[in-house]
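The values are calculated or read from the model by the stated rules, or taken from the named source; none is laboratory data. Predicted, not measured: the structure shown is a model, and the values here were computed from it. Quick reminder, even Gly has a Cβ in these numbers, built from the backbone with ideal geometry, and neighbours come from all protein chains shown.
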Amino acid sequence: MDANTRVFVAGGDTLIGAALLRQLDNRGFTNVVGRGEDEPDLRDAHAVETFFAETRPECVFLAAGRSGGIKCNQEHPAQLMLDNLLVQTNVVKAAHEAGVQDLLYLASSCSYPKHTEQPMRVESLFTDKLEPTNEAYATAKLAGLVLCQAYSREYGRRYLQCIPANAFGIEDDFTPEGGHVIPALFARMHAAKEEGADHIDIWGTGKPRREFLFADDIADACLFLVDNHSDATAPVNVGGGDDLSIAEVAEAIKMVVGFPGELRFDTSKPDGMPLKALESSQLLSLGWQPRTPFAVALSETYDSFLRHQNAPENQNAPQRAVV
């Protein structure tokens, strides 16, 4: 791509979508379409088809689709699955019909089987049962992955796919309902500190391990793949970040926030997958490396949370320290 390429980031309001827009701006891209209110309702097939016909993007990053933590996945599996299926189907179909040759679809590390070999290799996809707490969401993300491969095989498109590690960062979802582990812990520890609480409760044992990667680094990898990778027959893992336990992450966030209380782990609640780390040698061998140290990324994420908290529209929004 060059700075004049017409680019559409589907899901510009998501964590990675917003990071992609920042990366494109930083690199001087001047022809980004569908930003903000100009992005159509991606669940509406007619709206998506009309948008593609009118804007004619040349490259699409598909980072859209609703997601959430364990609680959200347990309470809203149908909503999560349907939202992602509609978005993926509408965007990929409309992109093809508008003649878009280059597309990058972001799947999820939840797509791997629960008890797969670690670190997770793309060859392990579809080989065993998924984690029950996010099975519906993961199935939808797998469907999008196969859909991109099918369009590439049948029509000669370059509809690439990648599977990013657990993302966090600037403009994350810090709500109890939608936030993943890092943003949710930031919000809860900050609220506990403000309230003078002596502890917070955290779901699970704290032992599961996750590979975390700053969203802006994932966005950087996405742009790198579009410029340096051409095989659309299989996804590429986007990892290379820190592999940490939930307890270690919680302690690191506690230090950033300055919360003096106790972290209590509620072992009656589910842990999710015991380990999620990606085997990312294919991407790393192409010459890409993550740029942001974990401590720096946590600091920038907390700064983003504080900006969100201090926004006028959020001044009176209640925060709950214990969820």
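Among 114, 93, which is the only one that is of a type outside the set (Ser, Thr, Tyr), under 30 Å from residue 203 (Cα atoms) and either surrounded by fewer than 18 Cβ atoms within 10 Å (Cβ to Cβ) or touching a residue at least 12 places away in the same chain (Cβ under 8 Å) (or both)?
Only one candidate qualifies: 114.
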Reported set for the stretch 83-112 where residues are at negative phi and more than 18 Å from the chain's Cα centre (by Cα) is 89, 90, 92, 93, 94, 95, 96, 97, 98, 100, 101, 102
When residues of the stretch 252-307 are limited to those that are among the charged types (D, E, K, R) and closer than 30 Å to residue 232 by Cα, the one nearest to the chain's Cα centre (by Cα): 276
Here is a list: 190, 229. Which entry is closer than 23 Å to residue 269 by Cα and either among the aliphatic types (A, V, I, L, M) or in contact (Cβ under 8 Å) with a residue 40 or more places away in the chain (or both)? 190
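Give the residues of the stretch 156-169 that are surrounded by fewer than 19 Cβ atoms within 10 Å (Cβ to Cβ) and on the phi < 0 side of the Ramachandran plot, sorted by residue number.
Just the residues of the stretch 156-169 that are surrounded by fewer than 19 Cβ atoms within 10 Å (Cβ to Cβ), to begin with: 156, 158.
The one that is surrounded by fewer than 19 Cβ atoms within 10 Å (Cβ to Cβ) and on the phi < 0 side of the Ramachandran plot: 158.
Looking only at the stretch 100-111, filter to residues that are not in a loop (DSSP other than H, G, I, E, B) and not aromatic (Phe, Trp, Tyr); which one of those is surrounded by the fewest Cβ atoms within 10 Å (Cβ to Cβ)? Before the answer, list the steps.
Quick first cut of the stretch 100-111, residues not in a loop (DSSP other than H, G, I, E, B) only: 102-106, 109-111.
Those still in the list that are not aromatic (Phe, Trp, Tyr) too: 102-104, 106, 109-111.
Numbers: 102: 20, 103: 26, 104: 24, 106: 29, 109: 22, 110: 24, 111: 25.
Only one residue fits best here, namely 102.
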Residue 240, sole failed condition from (1) on the phi < 0 side of the Ramachandran plot; (2) in contact with a strand residue (DSSP E or B) (Cβ under 9 Å, 6 or more places away or on another chain): (1)
How about the stretch 8-85: which helices (runs of 4 or more DSSP H) wholly inside it have at least 2 residues that are under 22 Å from residue 146 (Cα atoms) and not acidic (Asp, Glu)? 15-26, 45-55
Say whether the condition of being of a type outside the set (A, V, I, L, M, F, W, C), under 21 Å from residue 243 (Cα atoms), in contact with a Pro (Cβ under 8 Å, 6 or more places away or on another chain) and modelled with pLDDT under 95 is met by at least one residue in the stretch 182-197. no
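Would you check which residues across the stretch 186-208 are farther than 17 Å from residue 174 by Cβ, surrounded by fewer than 19 Cβ atoms within 10 Å (Cβ to Cβ) and not β-branched (Val, Ile, Thr) and list them? Give the derivation first.
Pass one, the stretch 186-208, residues farther than 17 Å from residue 174 by Cβ: 196-199, 201, 204-208.
Retained after the next criterion (residues that are surrounded by fewer than 19 Cβ atoms within 10 Å (Cβ to Cβ)): 196-199, 201, 204-205, 207-208.
Selection gives 196, 197, 198, 199, 201, 204, 207, 208.
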I'd like to check something: does the stretch 293-315 contain any residue that is under 22 Å from residue 109 (Cβ atoms), in a helix (DSSP H, G or I), at pLDDT 95 or above and among the hydroxyl-bearing types (Ser, Thr, Tyr)? yes
Out of everything in the stretch 170-185 that is in contact with a Ser or Thr (Cβ under 7 Å, 6 or more places away or on another chain) and surrounded by fewer than 24 Cβ atoms within 10 Å (Cβ to Cβ), what residue ends up being nearest to residue 280 (Cα to Cα)? 170
Just for the stretch 39-66: of the residues that are surrounded by fewer than 18 Cβ atoms within 10 Å (Cβ to Cβ) and without any contact (Cβ under 8 Å) to a residue 12 or more places away in the chain, which one is nearest to the chain's Cα centre (by Cα)? 41
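Scan the stretch 172-185 and tell me whether some residue there is touching a residue at least 40 places away in the same chain (Cβ under 8 Å) and polar (S, T, N, Q).
Of the stretch 172-185, the ones touching a residue at least 40 places away in the same chain (Cβ under 8 Å) are 172-174, 176-185.
Subset that is polar (S, T, N, Q): none.
No, because not a single residue in the stretch 172-185 is touching a residue at least 40 places away in the same chain (Cβ under 8 Å) and polar (S, T, N, Q).
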Taking residue 252 and the conditions (1) farther than 30 Å from residue 7 by Cβ; (2) modelled with pLDDT under 95, which numbered condition does it fall short on, given that it satisfies the others? (2)
Quick test for you: out of 69, 17, pick the one residue that is farther than 23 Å from residue 232 by Cβ, in contact with a Gly (Cβ under 7 Å, 6 or more places away or on another chain) and either surrounded by fewer than 21 Cβ atoms within 10 Å (Cβ to Cβ) or of a type outside the set (Val, Ile, Thr) (or both). 69
Of (1) under 24 Å from residue 227 (Cβ atoms); (2) touching a strand residue (DSSP E or B) at 6+ places or on another chain (Cβ under 7 Å), residue 4 satisfies all except one. Which? (2)
For the stretch 7-20, indicate whether the set of residues that are out of contact with any Cys (no Cβ under 6 Å at 6 or more places or on another chain), without any contact (Cβ under 8 Å) to a residue 60 or more places away in the chain, more than 30 Å from residue 185 (Cα to Cα) and of a type outside the set (D, E, K, R) is non-empty. yes
